[in-house]
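Notes follow once the structure below has been shown.
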There are 2 protein chains.
Amino acid sequence: MTKGMTDSRPFVLAPWRSQLARALHRNRSKPESRYFQLATVTTEGRPANSTVVFRGFAEASNQIQMVTDGRSDKLGQLQANPWAEACWYFTQTREQFRLTGHLSVITADHPEVQAQDDRRLAWQKLSDGARQQFHWPQPKAKRQEDGEPFAVADLDPVQPLDNFCLVRLDPLAVDHLDLRGDPQNRTRYVYQGPGQEQGQGDGGWDAIAVNP
Amino acid sequence: MTKGMTDSRPFVLAPWRSQLARALHRNRSKPESRYFQLATVTTEGRPANSTVVFRGFAEASNQIQMVTDGRSDKLGQLQANPWAEACWYFTQTREQFRLTGHLSVITADHPEVQAQDDRRLAWQKLSDGARQQFHWPQPKAKRQEDGEPFAVADLDPVQPLDNFCLVRLDPLAVDHLDLRGDPQNRTRYVYQGPGQEQGQGDGGWDAIAVNP
């Protein structure tokens, strides 16, 4: 069930992409429509959940992009368990997308040239303020105010800091719940892999209407 | 590290409660301020994440209440792994609370009288529309439109349906991130248990300012 950027099959937009694009468009007046909550599993087998900013889709891919600080707990967690579930609730249209799949991380020492180009591009797209956060002292360490640790630094807007990471969620299942329906509408999309489905235009995805 | 309703110690409001109460008050114009995302771990060890409605605190307790359908996957998951992390993002004030702890479920056959009273009260507080959802056919099963499965039923507003469950999150750690600061402010609260701290008014909780 491998797929993604290094796959030689022609890229097909997953059927849930049009639904998600519509939700992003209809909720565009709400800044929080660009955020979702990402759940992972810690090395102790406990759930972790945090708000993450959507950084667009990887090119010619259904992978959802985020950025993270390499000094956070997240990287160690993902090596032990790459699974994640994003829960994306759109307040204006009252829709929820749950996207389940594997996370991959592009760190400063990732060997692929294209991956490094993508990582640099993600850095360049950040606001100045967002870039500064990667220069702040160790996340979650006890706060010290000596020496102005949060003073604004003169950062290169082209070349990312070493601890800046690009993260991608490669969905294998998507649950779309529309609360406005009466009853509510819910569609479940499951990736079945290429095989027979290829060429049918669904990119290997099944879609089924389920009870809310 | 046991605590909660059956504890004989006098109840002390956890120090993060005033912060959360303030956030709820300041964001009260936003209906979504009553929702949060709850992450759990499935029996396969994968993260699950969904939007849940806040149903208040259990009486004389720091436990956060929710309701769920006993026919969902959640109950089986919780028996295998009771850990959960709620991620509660307040859009108006740009604050995030992450609340980590154990979930407990009060089903129709829970033996304690007080617990059943609480479960009934939670049912009575639901809107008519929310109650109807517990009468709908099996959640996430393939949708059938034969026989008007979603027709409005005449439900008892006093006595809950058997599949109606009250769920409680008993936090052991809370991470409060305030994005409006420059730099952002982050406080980490950790429950240390009763012991020495008792009588100091913090209910056994440590609070520490950490880097965002």
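The values are calculated or read from the model by the stated rules, or taken from the named source; none is laboratory data. In this text, all values refer to a predicted model and were calculated from it rather than measured experimentally. Cβ: placed from backbone, ideal geometry, glycine included. Neighbour counts: every protein chain shown. Side chains are part of the model used for accessible areas, which takes the heavy atoms of the whole protein and leaves out ligands, DNA and RNA. Shrake-Rupley method; radii C 1.70, N 1.55, O 1.52, S 1.80 Å.
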inquiry  = Condition first: more than 8 Å from A:Asn211 (Cβ to Cβ), more than 20 Å from the chain's Cα centre (by Cα) and either assigned to a strand (DSSP E or B) or of a type outside the set (Gly, Ala, Ser) (or both). Now tell me which residues in the stretch B:129-141 satisfy that.
reply    = B:Gln132, B:His135
ask   = Is it the case that the stretch A:150-165 has a residue that's open to solvent by less than 30 Å² (accessible area, probe 1.4 Å), away from chain B (no Cβ under 14 Å) and touching a Cys at 6+ places or on another chain (Cβ under 7 Å)?
value = no
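Per-residue answers, yes or no, for (1) buried (at least 17 other Cβ atoms within 10 Å of the Cβ); (2) outside any loop (DSSP other than H, G, I, E, B); (3) away from chain B (no Cβ under 12 Å); (4) among the aliphatic types (A, V, I, L, M):
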{"site": "A:Arg55", "(1), (2), (3), (4)": "yes, no, yes, no"}
{"site": "A:Ser61", "(1), (2), (3), (4)": "yes, no, yes, no"}
{"site": "A:Val67", "(1), (2), (3), (4)": "yes, yes, yes, yes"}
{"site": "A:Leu78", "(1), (2), (3), (4)": "yes, yes, no, yes"}
{"site": "A:Ala84", "(1), (2), (3), (4)": "yes, yes, no, yes"}
message = Take B:Leu179 and tell me if it is in contact with a helix residue (DSSP H, G or I) (Cβ under 6 Å, 6 or more places away or on another chain) and either within 14 Å of chain A (Cβ to nearest Cβ) or at pLDDT 95 or above (or both).
response = no
task = Inspect all residues belonging to the stretch A:98-111 and state whether any of them is more than 19 Å from A:Ser50 (Cα to Cα), within 14 Å of chain B (Cβ to nearest Cβ), in a loop (DSSP other than H, G, I, E, B) and not charged (D, E, K, R).
result = no
ask   = Name the pairs whose Cβ atoms lie under 7 Å apart, with the first residue in the stretch B:29-41 and at negative phi and touching a residue at least 40 places away in the same chain (Cβ under 8 Å), the second open to solvent by 10 Å² or more (accessible area, probe 1.4 Å) and part of a helix (DSSP H, G or I), and 6 or more positions between them or separate chains?
value = B:Ser33/B:Leu24; B:Thr40/B:Lys74; B:Thr40/B:Gln77; B:Thr40/B:Leu78; B:Val41/B:Gln77
query = Hey, any hits in the stretch A:139-149 for a residue that's closer than 30 Å to A:Pro15 by Cβ and not basic (Lys, Arg)?
reply = no
inquiry  = For the structure I just gave you, tell me whether B:Val113 is free of Cβ contacts under 8 Å to residues at least 40 places away in the same chain, under 18 Å from B:Ser33 (Cα atoms) and open to solvent by 10 Å² or more (accessible area, probe 1.4 Å).
reply    = no
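May I ask you to verify whether B:Ala122 is under 15 Å from the mean Cα position of the chain (by Cα), under 27 Å from B:Leu155 (Cβ atoms) and crowded, with 19+ Cβ neighbours inside 10 Å?
So B:Ala122 passes the test.
One line per residue, one yes/no per condition, for (1) hydroxyl-bearing (Ser, Thr, Tyr); (2) more than 14 Å from B:Arg98 (Cα to Cα); (3) assigned to a strand (DSSP E or B); (4) at pLDDT 95 or above:
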site	(1), (2), (3), (4)
B:Pro157	no, yes, no, yes
B:Leu161	no, yes, no, yes
B:Leu166	no, yes, yes, yes
B:Asp170	no, no, yes, yes
B:Val174	no, no, yes, yes
B:Pro183	no, yes, no, no
B:Arg186	no, no, yes, yes
B:Gly193	no, yes, no, no
B:Gly201	no, yes, no, no
request  = Please enumerate the residues belonging to the stretch B:131-147 that are away from every other protein chain (no Cβ under 11 Å), surrounded by 13 or more Cβ atoms within 10 Å (Cβ to Cβ) and free of Cβ contacts under 8 Å to residues at least 60 places away in the same chain.
outcome  = B:Arg131
ask   = If we scan the stretch B:83-91, do we find a residue that is modelled with pLDDT of 95 or more and more than 26 Å from A:Val52 (Cα to Cα)?
value = no
task = Of the numbered conditions (1) facing chain B (nearest Cβ under 7 Å); (2) in a loop (DSSP other than H, G, I, E, B); (3) surrounded by 17 or more Cβ atoms within 10 Å (Cβ to Cβ), A:Gly45 fails exactly one; give the number of that condition.
result = (3)
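Might you check whether a residue that is more than 30 Å from A:Tyr35 (Cα to Cα) and over 13 Å from the mean Cα position of the chain (by Cα) occurs anywhere in the stretch B:42-64? If you could, list the steps in order and put the result at the bottom.
Within the stretch B:42-64, the subset more than 30 Å from A:Tyr35 (Cα to Cα) is B:59-61.
Next, only the ones that are over 13 Å from the mean Cα position of the chain (by Cα) stay: B:59-60.
The answer is yes; a qualifying residue exists.
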